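These notes concern the structure reproduced below.
What follows is calculated from the coordinates using simple rules that are stated; it is not laboratory data. Since the structure is predicted, the reported quantities are computational estimates derived from the model, not experimental observations. As a convention, Cβ positions derive from the backbone with ideal geometry for all residues, glycine included, and neighbour counts pool all protein chains shown.
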Protein chains: 2
Amino acid sequence: MGSTVTSDLFQILRDGRARTRTELAAMTGLARSTVALRIETLMELGLVGSVGDAVSTGGRPSSQFAITASERVVLGVDVGATHVRIAVSTLTGTVLGERHERIPVADGPEAVLGWIATEAQSLLTDVGRSMGDLLAVGIGLPGPVEHETGRPINPPIMPGWDRFDVPGWFEGVFDVPVLVDNDVNIMALGERERSWPEVDHLLFVKVATGIGSGVIAGGVLQRGAQGTAGDIGHVYVARGAEIPCSCGNRGCLEALASGAAIARALRASGLDPNSSQDVVDLVKRGNIDAIQAVRQAGRDVGEVLTTCVSLINPSVIVIGGSLAQAGEHLIAGVREVVYTRSMPLATEHLQIAQSRVGADAAVIGACVLAIHYALSPANIESMVAAGASR
Amino acid sequence: MGSTVTSDLFQILRDGRARTRTELAAMTGLARSTVALRIETLMELGLVGSVGDAVSTGGRPSSQFAITASERVVLGVDVGATHVRIAVSTLTGTVLGERHERIPVADGPEAVLGWIATEAQSLLTDVGRSMGDLLAVGIGLPGPVEHETGRPINPPIMPGWDRFDVPGWFEGVFDVPVLVDNDVNIMALGERERSWPEVDHLLFVKVATGIGSGVIAGGVLQRGAQGTAGDIGHVYVARGAEIPCSCGNRGCLEALASGAAIARALRASGLDPNSSQDVVDLVKRGNIDAIQAVRQAGRDVGEVLTTCVSLINPSVIVIGGSLAQAGEHLIAGVREVVYTRSMPLATEHLQIAQSRVGADAAVIGACVLAIHYALSPANIESMVAAGASR
C-alpha cells in the first residue's frame with residue numbers, strides 16, 4: 001500500500017535538492033500528514049536523509065530531506081581483459097572508495113568473481129558501510145552479454161565464461177540484484193555521467209584491441225532486441241574487403257582499424273608492435289608509419305560512423321579506448337570522413353570528442369548502471385511494499 | 001493540486017482495462033475517498049468514463065471506469081506529395097471517421113492547411129464531436145521537420161513551406177497543441193501501432209520516390225539531436241559512387257535505389273517509367289529488367305541496413321513505401337544482403353517484413369503522435385491543474 005505514492009515522492013527528490021515536507025506536499029497535492037508518513041518510510045529504508053532545517057518564516061524551523069543524505073550505496077565493477085576494478089558509490093554518484101587488481105579475465109569466472117566477492121566485503125567495511133547498505137551491483141564484462149540474464153554469450157577473449165550465470169554465482173554473496181552488461185555500454189554510461197550529463201544522444205566508440213560502441217538515444221542506453229546494439233566492429237568496410245576477421249567474415253571494421261589490426265599491419269612493414277598500446281607508443285615517439293596507420297584507422301571508423309550519424313543523429317560522438325590515447329591522429333581521421341560525408345543538418349551541431357573520463361569510464365558506468373536500477377520507480381515501489389525497514 | 005496523483009491514476013487506466021474505485025485504491029495506496037475525487041476530475045475532463053457496474057460480492061454493485069469510454073478525441077493528418085488525409089481517433093486508437101483529397105503539397109501551406117482547417121470542423125461534427133472534445137492534432141509532412149517547432153526545414157518537394165510555422169498557422173483554428181513530424185516517422189508509429197504493438201525495436205524503411213526510415217528504439221520513436229534520425233537516404237553506397245544526387249553529393253543510397261532512380265535507370269535502357277508507381281507496374285507485368293532493378297535496389301538498401309542492424313539491433317525491419325508494393329522482389333534483395341552480412345546474434349531473431357498497414361500507416365501514425373502527447377503524464381497534469389472542467 002502506498003508504494004506508488006512513496007516512489008513518486010522519492011522520484012521528486014532524485015534531482016538532489018533538499019525539500020521540506022510542506023514543499024513536497026505542495027508539489028504533489030498530497031496531505032502534509034501523508035507526506036510525513038511516506039518520508040518516514042523512505043528514511044527507514046535509508047533512501048533519504050535529513051539535511052538540517054530550512055529557514056522558516058516564524059514558528060519552528062522545518063526539516064529538509066534529500067537523497068544526498070541517504071546511507072545506501074551501490075557497487076560498480078569493471079572487469080577488463082587483464083584487470084578488475086571495484087568501487088563503492090553513493091546514490092548520487094560520489095565514489096567512496098575503490099580497489100583494483102591485475103587478474104586476467106582468461107583465468108575464468110571463479111578467479112575473477114571470487115576476488116570481487118572478497119574485496120566487496122572489505123571495501124564496504126573500509127568506507128563505513130555494510131552489505132545491508134547495498135542496493136545493487138553493476139558489472140561490466142569485456143565481451144557480449146545477454147543483459148536480461150547477465151550471461152556472457154560466446155565472448156571471444158573470455159575462456160570459461162560462455163553462458164556463465166554471473167548473477168547466480170553471487171547468490172549468497174550479495175543479497176541484491178546484480179546487473180551485468182558489456183564494457184562498452186558501461187563506458188558510454190560513465191562517459192555521459194561525468195562529461196556530458198545534459199546530452200541525450202551520445203555515441204561512445206571504443207577503439208582498442210577490438211572496436212565497439214555504446215548507443216545512448218533519447219537519454220537511454222539502447223541495447224536493442226538481443227543486446228547487440230552498438231556492435232559495429234563487424235560492419236563491412238570496402239577497403240578491407242580481402243582481410244579476414246576472427247568472426248569468419250572478411251572486410252570487418254575491426255579487422256582493419258582496431259589496435260590489433262594496426263599492429264599486425266605495421267609488423268608486416270618491418271616494425272614490431274604487439275598490441276594497441278605498442279601502436280600508441282610508436283605514435284607518441286613520432287613514427288610516421290604508425291601515425292599514418294592510426295589516421296587511416298580513424299577514416300575507416302569514420303566511414304562506418306557516417307551511417308550511424310544518419311541513423312541516430314547524435315549530438316556527441318566520444319572516441320575512447322586505448323587507441324584514442326594516440327593524440328589527435330585517430331580522431332582527426334574520424335572527423336575528416338564524418339564531416340565530409342554526412343548530411344549538413346546532422347553534423348552542423350555534432351561534436352566529435354576524445355574521451356575525457358578515460359580509464360575510469362567503465363567503473364563509473366558500472367556504478368551508474370546499478371544506481372539507475374536501484375532508484376527506478378519499480379524498485380523503490382517493491383522496496384516500500386516489502387516493508388519499511390532494513 | 002493533486003495533479004500528479006490524478007495523472008498517476010490515469011496512467012494506470014491507459015492499458016484500457018476497466019477498474020472500480022476500490023481496485024484503484026488498492027493499486028495506488030490512496031484512500032478510496034481520494035480516488036473517488038480524482039476519478040470525478042478525470043470524468044469532468046472527459047478523459048475516462050463509466051463503463052457499467054462490476055459484479056459485487058454482496059452490497060451494491062461498484063461502477064467501473066475506463067479510458068475506452070472517454071469522450072475526447074485527436075486528429076491525425078497525413079500530408080503526402082499529392083494528397084491530404086485527415087482522421088478523427090479516440091484516445092485508444094479507434095478511427096471514428098476520415099476524409100481525403102487530392103491536393104499537391106506544392107500548392108503551398110495555405111491551400112493544404114486551409115483544407116485541413118475546414119474539413120476538421122465538419123469531420124468532427126459528422127462523428128458527433130466538437131472542437132472542445134479535441135486534445136491534440138498530429139500532422140505528418142513529406143519532408144524534414146524540426147519537431148520541436150513544427151517547421152519544415154529545406155523540404156525538397158514542398159515549395160513555399162521552408163520554415164513555415166505550421167502550429168502557428170493553426171492558432172485560432174485549434175485550441176490544442178499541433179504536433180508536426182516527417183511522414184516516415186509517423187509511418188513508423190502507425191505501422192507499429194497496428195501490426196507490431198509488442199515490438200520495442202523496429203526500423204521502418206520507406207522506399208518510394210525518396211528513401212528514409214523511422215527508428216523506434218526502446219519503445220520510443222527516436223528523432224535524434226536535430227530531428228534527422230532515420231535519414232538514411234544519403235548514406236554513401238560504393239556501387240553508386242559516380243551517380244550524382246539531388247543533395248549535391250555522389251553515391252547516395254537515394255540516387256541509386258529510390259523509385260525515381262530506378263525509373264531513370266530503366267529509361268536509360270529503353271523503357272519509359274516516369275515514377276516509382278510506373279516501376280511497380282512494370283514489375284507487376286513481369287518485366288525482367290524492372291524486376292532485376294528492384295531486386296538490386298533491395299540489395300543496395302540492404303547494404304546500408306546491415307550497419308543499422310549492427311548499431312541498433314532491431315527485432316523487426318518493415319519495408320514500406322510505394323516500391324514495396326513490387327511484390328517480394330525488393331524485400332528479397334534486402335534479405336539477401338542483411339542476413340548474409342550481419343552478425344548472427346543480431347539477425348537470428350530479426351524479421352524483415354513488408355508493410356502490412358500500407359497507405360494507412362501515415363494517418364494512423366499521425367493519430368498516435370497526437371495520442372502519445374495528449375495522454376502523457378505532463379499533459380494530463382497540466383490539464384488537471386488548469387481546472388477540472390472543459
Which of the peptides B:117-127, B:148-158 is most tightly packed, and how do the rest follow, going by the mean number of other Cβ atoms within 10 Å of each residue? B:148-158, B:117-127
Please report the residue of chain A with the smallest beta-carbon distance to the A-to-B rotation axis, and give that distance in Å, no decimals. A:THR307, 2
Between the alpha-carbon centers of the range A:348-375 and the range B:201-252, tell me the distance in whole angstrom. 28
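Would you mind getting me the FRET efficiency between B:SER62 and B:SER376? Use the beta-carbon distance for r and R0 = 30 Å, nearest 0.05.
Values: r = 29 Å, r/R0 = 0.97.
After rounding to 0.05, the efficiency reads 0.55.
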Using a label position 7 Å from Cα in the Cα→Cβ direction, what is the ascending list of nm distances from B:PRO159 to the same site in the other copies? 7.0
Which helices count as membrane-span-like in chain A under these terms: full DSSP H, at least 30 Å along the axis by C-alpha, Kyte-Doolittle mean of 0.5 or more? A:288-312
Gap separating the Cα centres of the range B:1-24 and the range A:114-134, nearest whole Å: 42
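Taking R0 as 45 Å, what's the FRET efficiency between A:LYS284 and B:ARG163 from their Cβ-Cβ distance, rounded to 0.05? Present the calculation step by step, with values, prior to reporting the outcome.
Values: r = 49 Å, r/R0 = 1.08.
For A:LYS284 and B:ARG163, the calculated efficiency is 0.40.
Report the net charge of residues surrounding A:LEU124, where surrounding means a beta-carbon distance below 14 angstrom and charges are Lys +1, Arg +1, Asp -1, Glu -1. Could you put the intermediate results ahead of the total?
Working: positive: A:ARG72, A:ARG99, A:ARG129; negative: A:GLU71, A:GLU98, A:GLU119, A:ASP126, A:ASP133, A:ASP175.
Its environment carries a net charge of -3.
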Within a Gaussian network of chain B (alpha carbon springs, distance under 10 Å), most fluctuating of B:GLY321, B:GLY143, B:GLY224: B:GLY224
Calculate for chain A the 222 nm mean residue ellipticity that helices alone would give, adding -39,500 (n - 2.57) per DSSP H run of length 4 or more and normalising by residue count, nearest 500 deg cm²/dmol. -12500 deg cm²/dmol
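What number, in percent, do you get for the relative contact order of the range A:290-390 if the mean sequence gap of Cα pairs under 8 Å and at least 6 apart is divided by its residue count? Don't jump to the answer; show the numbers that get you there.
Numbers: 89 pairs, mean separation 31.8, N = 101.
The value is 31 percent.
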Number of partner chain Cβ atoms within 10 Å, mean per residue of A:256-265: 0
Over all distinct Cα pairs, what is the inverse of the mean 1/r for the range A:22-176, reported as the Kirkwood hydrodynamic radius in Å? 18.0
Most mobile of A:PRO177, A:PRO61, A:PRO159 in a GNM of chain A (Cα contacts under 10 Å): A:PRO61
Which residues does the label zone of B:VAL51 cover in the range B:1-22, counting backbone N under 19 Å from a point 7 Å along Cα→Cβ? B:7-22
Normalised by the number of residues in the range A:3-69, what is the relative contact order in percent for Cα pairs under 8 Å and 6+ residues apart? 37
The range A:188-356 - share of DSSP beta bridges that are antiparallel (%, nearest 5): 55
Does anything in the range B:280-320 have its amide N under 20 Å from the 7 Å Cα→Cβ label point of B:ASP272, and if so which residues? B:280-291
One decimal, nm, nearest first: from A:GLY248 to the same residue in each other copy, label points 7 Å out along Cα→Cβ, the values are 4.5
What are the trypsin sites (Lys or Arg not before Pro) within the range A:272-376 that DSSP puts in a loop, where the Cβ has at most 13 other Cβ atoms within 10 Å? A:ARG285, A:ARG356
When DSSP assigns beta bridges and you keep just the ones with both residues in the protein assembly as shown, what percent turn out antiparallel, to the nearest 5? 60
Connecting C-alpha atoms closer than 10 Å in a GNM of chain B, tell me which of B:THR34, B:THR90, B:THR68 has the biggest fluctuation. B:THR34
Going 7 Å from Cα along the Cα-Cβ axis for the label, what nanometre distances separate A:ALA81 from the same residue across the other copies? 5.1
Quote the relative contact order of the range A:188-356 in percent (integer), defining contacts as alpha-carbon pairs under 8 Å separated by 6+ residues. 23
Run the simple label-point estimate for A:ALA117 and A:SER130 please: 7 Å along Cα→C-beta, distance reported in nm. 2.1
Mean per-residue count of partner chain Cβ within 10 Å for A:201-214 equals 1
